[in-house]
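Novice: I'd like to ask you about the structure that follows.
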Amino acid sequence: MPLVQIKGVGGYLTLEEKQTLISRVTDALLSVEGEGLRDVTWVTIEDVEPGAWGVGGNPVTVDVLRGMSGRAAAE
């Protein structure tokens with residue numbers, strides 16, 4: 001029973017984007033492990049509070065991620 005756990009900064013992805021990520025990660029995993037495991041493949045996304053995630057000693061916030069990715073603020 002495959003389990004994929006994804007952690008990210010909360011507030012960065014919308015619910016729709018998370019659902020797309022779940023679908024695409026599932027498809028990628030099953031392209032290797034086999035379609036027969038679809039019904040028992042789990043993908044979870046855990047939000048970490050903005051600022052409680054750090055890279056290189058610096059806190060990462062939604063604004064930092066948007067700046068890095070070139071994404072505009074959510075509407």
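The values are calculated or read from the model by the stated rules, or taken from the named source; none is laboratory data. Just so it is clear, the structure is predicted and the values come from calculations on it, not from any experiment. Positions of Cβ are backbone-derived with ideal geometry, glycine not excepted, and every protein chain shown enters the neighbour counts.
Per-residue answers, yes or no, for (1) aromatic (Phe, Trp, Tyr); (2) surrounded by 12 or more Cβ atoms within 10 Å (Cβ to Cβ):
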| position | (1), (2) |
| --- | --- |
| GLU17 | no, yes |
| VAL32 | no, no |
| GLU35 | no, no |
| ASP39 | no, no |
| GLU46 | no, no |
| TRP53 | yes, yes |
| GLY57 | no, no |
| GLY70 | no, no |
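Novice: How many of the residues making up segment 24-72 are in a helix (DSSP H, G or I) and either under 28 Å from PRO2 (Cβ atoms) or modelled with pLDDT of 95 or more (or both)?
Specialist: Adding up the residues that qualify gives 18.
Novice: Which of (1) out of contact with any Ser or Thr (no Cβ under 7 Å at 6 or more places or on another chain); (2) without any contact (Cβ under 8 Å) to a residue 24 or more places away in the chain does VAL4 not meet, given it meets every other one?
Specialist: Only one criterion in (1) out of contact with any Ser or Thr (no Cβ under 7 Å at 6 or more places or on another chain); (2) without any contact (Cβ under 8 Å) to a residue 24 or more places away in the chain is unmet by VAL4, namely (2).
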